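Everything below concerns the one structure shown next.
The values are calculated or read from the model by the stated rules, or taken from the named source; none is laboratory data. Computed from a predicted model, the values in this text were never measured in an experiment. Here Cβ is always computed from backbone atoms with ideal geometry, including for glycine, and neighbour counts include all displayed protein chains.
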Amino acid sequence: MKYVMILLLALGFAPELKGQDIQVMEEPSIHTMVDAWVRNNKSSTGISGWRVQVMATTDRQQVEAGKTQFLTLYPDFPADWTHEKPYYKLRVGAFHSRQEARAFIAQIQDVFPGCYPAKDPAILPIDFLKTRS
């Protein structure tokens with residue numbers, strides 16, 4: 001009986017609720033800020049995260065050989081080098097946190113001594129998936 005009364009009261013007020021119009025007044029600066037955020041996210045293809053820097057050298061052939069060696073030992077992890085004059089840098093893996101990168105360093109430091117975690121602001125999402133396999 002109690003539930004029937006509540007239902008009847010709710011149905012009695014329903015027509016009044018449908019007749020109300022709600023208007024949202026938005027500051028122009030908020031609209032501008034949201035538009036800028038959307039544009040920025042659409043133009044950014046990468047995700048901020050961590051990689052492990054395995055080596056840095058001025059010799060391109062040496063960094064390419066290092067990449068081949070790494071991929072032979074750890075084929076499930078992404079590896080790529082970049083050129084930031086005058087150095088070629090070999091960075092591997094894709095980790096969400098510095099702690100994850102350090103855990104991987106513990107696994108590879110015997111083969112690649114001196115490697116360290118390096119912040120990367122533009123990791124491709126596919127690289128995170130490769131690192132998990």
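Tell me which residues, restricted to segment 26-43, are of a type in the set (A, V, I, L, M, F, W, C) and closer than 28 Å to PRO125 by Cα. Break it down into steps so the answer makes sense when it comes.
Residues of segment 26-43 that are of a type in the set (A, V, I, L, M, F, W, C), as a first pass: 30, 33-34, 36-38.
Within segment 26-43, MET33, VAL34, ALA36, TRP37, VAL38 qualify.
Name the pairs whose Cβ atoms lie under 6 Å apart, with the first residue in segment 64-84 and within 17 Å of PHE128 (Cβ to Cβ) and modelled with pLDDT under 95, the second assigned to a helix (DSSP H, G or I) and among the hydrophobic types (A, V, I, L, M, F, W, C), and 6 or more positions between them or separate chains?
Here the result reads ALA79/PHE70; ALA79/LEU71, each pair linking segment 64-84 to a residue that is assigned to a helix (DSSP H, G or I) and among the hydrophobic types (A, V, I, L, M, F, W, C).
Do the conditions hold for ASP127, that is, is it of a type outside the set (A, V, I, L, M), modelled with pLDDT under 95, assigned to a helix (DSSP H, G or I) and buried (at least 16 other Cβ atoms within 10 Å of the Cβ)?
Values: of a type outside the set (A, V, I, L, M): yes; modelled with pLDDT under 95: yes; assigned to a helix (DSSP H, G or I): yes; buried (at least 16 other Cβ atoms within 10 Å of the Cβ): yes.
In short, yes.
Every residue in segment 79-122 that is under 25 Å from THR58 (Cβ atoms) and of a type in the set (A, V, I, L, M), please.
Those that are under 25 Å from THR58 (Cβ atoms) and of a type in the set (A, V, I, L, M): ALA79, LEU90, VAL92, ALA101, ILE105, ILE108, VAL111, ALA118, ALA122.
Could you list, in sequence order, the residues of segment 95-125 that are touching a residue at least 24 places away in the same chain (Cβ under 8 Å) and over 13 Å from GLN53 (Cβ atoms)?
Within segment 95-125, HIS96, SER97, GLU100, VAL111, PRO121, ALA122, ILE123, LEU124, PRO125 meet the criteria.
Quick check: is even one residue across segment 44-56 without any contact (Cβ under 8 Å) to a residue 60 or more places away in the chain and either under 13 Å from ASP120 (Cβ atoms) or hydroxyl-bearing (Ser, Thr, Tyr) (or both)?
Initial filter on segment 44-56 (without any contact (Cβ under 8 Å) to a residue 60 or more places away in the chain): 56.
This time we only want the ones that are either under 13 Å from ASP120 (Cβ atoms) or hydroxyl-bearing (Ser, Thr, Tyr) (or both), so: none.
Checked against the condition, which is being without any contact (Cβ under 8 Å) to a residue 60 or more places away in the chain and either under 13 Å from ASP120 (Cβ atoms) or hydroxyl-bearing (Ser, Thr, Tyr) (or both), segment 44-56 yields no hits at all.
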